[in-house]
Amino acid sequence: MRFNTAEEMYEYLKNGYALYHPKSEIYVFLYNAKGALCTYHLSKDQVKEISKQAKQNHEHWETFLGFGGDVLEDDEFSITPSLEFCEKHYQESDWLDTEDINLEEPDYYLLCCLDDENYTSAQYFTFSSMTEAKEFCYQFAKENYSDEDLQFKESSFYHEDGHKAVRIDYIYGNSFEVNYIFPIHMKNNGTSFCIWHHAYDGVRFEIRKSGSYEECHRFAKDVSQRTYEMLSEIAPDKVNRHEEDDQWILDDGTEWEVWDIITIHRQNHSNAFVAPLSIYQLSKVKTMDQMSGFCMEQWLDDNVDFAWGLFHNDKLIGYCSIGIADDADPLVEEHEAYKEDSSLLLSDVFILPEYRNHGYGSQMIKESIETRWKMDGEKNTVYLHAMGVTGDLSYDEKLKSFYEKIGFSELCSDREIMVLTAD
């Protein structure tokens, strides 16, 4: 955090909060009732141990500090040195509230991406390391934009948990893209995050809340409503807002403000996870299309909830598509469980040869269907033409058995059609 005035910083500390600055390694807190502050110089290794002890014992950091602090007071005007300290340091960015610091190794690194054409449609990805996330940003830019027009700018800052975060901007011609990489900690499997971002006068991402989906949903709804009311008082009739299940958007004519809720699940023991495909995987999808004979590339621009990828250690190893089963085989449309606007069709199922027969295919199909059901708010019937998962387009007993283990049953053996119903 960064303070607007020295008085604001002093009042923050006077109210009982303590601060740490990772770059200068200064820890500062309220020392006594007179209003004097006290500072310590603490390395990040010291902070890691002290913050761990403080959380375990529900105590403040100073409980575990020995001699070596500097009390900012004098005999004549006890708080003058404290005010002078705030005057000197309040403009420095990256002050961290010690209650939020967590220097344990992050579980993942969250990449947030926004370009100049889609201010309200940020993309989110997770990586197991900062290096992998950065490499992804640079590689994607080089593969999709002309080298002679491409310019990069990278900067780092301290995230609220005490770890470094990174911002990577690249400009190509008259367009740009902004990428933020945050270290994140998972409170449990399926941790949700409220991500705020704004655009017009620059672009910035912030993680405003983490916890359960319900907590983040309530937080985003309340904060966006208060912001809307405040902006409406300043400029009546000029603020437009839009709300969807997991997104709140405000446009006051000067800038966009967006609150997104995303939920991140821990990768299972196989280090494989399923996620929607997007334009960011274009080059990898093109390569796999050549191998599979499918055309998943066509679904990446506007249908990010239609195309699903299976990632192993952040490498795309398979994909499938799940969309509405319109214009399906007549046998599908005549089936008793078929609903014109909601029944689903599983297709384009493909796993790289070296990853077959290890359970990845069934994991991808199960997780893709479960996620699609959650998005739809109901468990709609799923149909498929059973071919292609083994690389052999014939409908043999092995392929039939594969889908039956997932829960599909045969609808018509001559036409290779199978069906999965929720019950």
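The values are calculated or read from the model by the stated rules, or taken from the named source; none is laboratory data. Every value quoted in this text rests on a predicted model; they were computed, and no experiment measured them. Here the Cβ positions follow ideal geometry from the backbone for every residue, glycine too, while neighbour counts run over all protein chains shown. SASA here: full protein model, heavy atoms, side chains in, ligands and nucleic acids out. Shrake-Rupley method; radii C 1.70, N 1.55, O 1.52, S 1.80 Å.
When the chain is modelled as a GNM with alpha-carbon springs shorter than 10 Å, which of Ile234, Ile369, Ile317 fluctuates the most?
In this elastic network of the chain, the residue with the biggest mean-square fluctuation among Ile234, Ile369, Ile317 is Ile234.
Starting from the Cα-Cα distance between Arg204 and Lys52, subtract it from 0.36 nm times their residue separation and give me the gain in nm to one decimal.
Extra length available between Arg204 and Lys52 comes to 51.7 nm.
Can you pull the one-decimal nm distance between simple spin-label points at Asp70 and Arg226, each 7 Å off the Cα toward Cβ?
3.6
For the chain, what does the accessible surface come to per residue with a 1.4 Å probe? Please give it in Å².
Normalised by residue count, the accessible surface of the chain is 53 Å².
Using only Cα atoms, find the angle between the long axis of helix 360-376 and the longest principal axis of the chain, and express it within 0 to 90 degrees, rounded to the nearest 10.
70
Taking the alpha-carbon centroid of each part, what is the distance from the stretch 26-102 to the stretch 166-188 in angstrom?
32
With r defined as the distance between the Cβ atoms of Lys339 and Glu370 and R0 fixed at 22 Å, what FRET efficiency is calculated, to the nearest 0.05?
0.70
Over all directions, what mean area does the Cα convex hull of the stretch 77-125 project, stated in square nanometres?
Value for the stretch 77-125: 6.6 nm².
Mean-square fluctuation check for the chain, GNM, Cα pairs under 10 Å: which of Gly361, Gly293, Gly323 is largest?
Comparing Gly361, Gly293, Gly323 in the GNM, the peak value goes to Gly293.
Cα axis of helix 80-89 to longest principal axis of the chain: angle in degrees, 0 to 90, nearest 10?
It works out to around 40 degrees.
How much length, in nm to one decimal, is gained on full extension between Asp245 and Thr5, taken as 0.36 nm per residue of separation minus their Cα-Cα distance?
82.6 nm
Just to confirm the filter: which chymotrypsin sites (Phe, Trp or Tyr not before Pro) across the stretch 196-233 are DSSP coil and have at most 15 other Cβ within 10 angstrom of their Cβ?
Sites meeting the loop and neighbour criteria: Tyr200.
Taking only DSSP H segments of four or more residues, each worth -39500 (n - 2.57), what value at 222 nm results for the chain once the sum is divided by all its residues, to the nearest 500 deg cm²/dmol?
-8500 deg cm²/dmol
Would you look at the GNM of the chain, springs on alpha carbons closer than 10 Å, and say which of Asp314, Asp376, Asp100 moves the most?
Among Asp314, Asp376, Asp100, the largest mean-square fluctuation in the Gaussian network model of the chain belongs to Asp376.
Counting only protein heavy atoms and using a 1.4 Å probe, what share of the accessible area of the stretch 124-165 belongs to carbon plus sulfur, as a whole percent?
About 42 percent, which is the carbon plus sulfur part of the accessible surface.
When Lys and Arg each count +1 and Asp and Glu each count -1, what net charge do the other residues less than 14 Å away from Tyr360, Cβ to Cβ, add up to?
Charge balance near Tyr360 sits at +2.
Within the set of other residues whose C-beta is less than 13 Å from the C-beta of Leu231, count the net charge using Lys and Arg as +1 and Asp and Glu as -1.
Cβ neighbours under 13 Å give a net charge of -4.
Seen from all sides and averaged, what is the projected area of the convex hull of the Cα atoms in the chain, in nm²?
26.0
Find me the longest stretch of the chain that has none of the exposed GluC sites (Glu not before Pro), where exposed means in a DSSP loop (not H, G, I, E or B) with at most 15 other Cβ atoms within 10 Å.
118-254
Using DSSP, restrict attention to beta bridges with both residues in the stretch 208-337 and report what percent are antiparallel, rounded to the nearest 5.
100
So if R0 is 56 Å, what FRET efficiency would Ser175 and Ser409 give, r being the distance between their Cβ atoms, rounded to the nearest 0.05?
Efficiency for this residue pair is about 0.70.
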